[in-house]
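The values are calculated or read from the model by the stated rules, or taken from the named source; none is laboratory data. Just so we're clear, the structure is a prediction, and the values are computed from it rather than from any experiment. Here Cβ is always computed from backbone atoms with ideal geometry, including for glycine, and neighbour counts include all displayed protein chains.
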Amino acid sequence: MRAALDLATNSAEGTRAVAEAIGTLLEPGDVVSLTGDLGAGKTAFVQGAARALGVAEPVLSPTFTLVREYEGTTRVYHLDVYRLDRLQDVLDLGFDEMLDLGGIVFIEWGDAIQALLPESYLQVELTMRQDEPETVRRLVADAQGPGWALRWERLEQLVGPWRVA
């Protein structure tokens, strides 16, 4: 039985590097649910993964726009559902269509729409804590459903440099 991957970085760029490694494994149709502390690096994570997916333009927070869309080697959707009150609000954004179109969907605050997530997705919880002399960013990655079973061993290898002992 596999365990969740407990990772750590000490900077936003470190978070991007972890996400870039993970991004090399993402496939059309994948969903990545991002949860955790406010300001812990959810958007930085998407920036790194998007870099691996060939997105050339700047990846910005979707906090006020709710959805951003990017072109890379595949279409990338970046949602922030923090301000939404109802699951229907997410559906009204075209969430079902995003899943059907075969892009890769990143959802900040994805735990708020757990009922809408597909059977298989990658969940990444990001937290921060201040340890002298630097801030430690923790990322716990866990695959939900069968879609990641064949990629899990490769994922463990790719994120090895950031694993917490």
Next item on the list: Keeping to the range 1-58, report how many residues are among the hydrophobic types (A, V, I, L, M, F, W, C), over 25 Å from ARG129 (Cα atoms) and in contact (Cβ under 8 Å) with a residue 12 or more places away in the chain.
Entry: 8
Next item on the list: Return the residue satisfying two criteria in turn: it lies in the range 84-105 and is part of a loop (DSSP other than H, G, I, E, B) and among the hydrophobic types (A, V, I, L, M, F, W, C), and of such residues it is modelled with the highest pLDDT.
Entry: LEU101
Next item on the list: Looking only at the range 119-134, decide whether some residue is assigned to a loop (DSSP other than H, G, I, E, B) and of a type in the set (S, T, N, Q).
Entry: yes
Margin query: I'd like to know if the range 96-104 contains one or more residues that are surrounded by 13 or more Cβ atoms within 10 Å (Cβ to Cβ), free of Cβ contacts under 8 Å to residues at least 40 places away in the same chain and not small (Gly, Ala, Ser).
Written below: yes
Item checked: Qualifying residues in the range 128-165 (those that are among the β-branched types (Val, Ile, Thr) and at pLDDT 95 or above) - the one surrounded by the fewest Cβ atoms within 10 Å (Cβ to Cβ) -> VAL140
Check: What is the residue count in the range 49-67 for residues that are at pLDDT below 95 and either aliphatic (A, V, I, L, M) or buried (at least 17 other Cβ atoms within 10 Å of the Cβ) (or both)?
Finding: 4
Next item on the list: Can you give me the number of residues within the range 1-26 that are within 20 Å of VAL67 (Cα to Cα) and either surrounded by fewer than 22 Cβ atoms within 10 Å (Cβ to Cβ) or aliphatic (A, V, I, L, M) (or both)?
Entry: 2
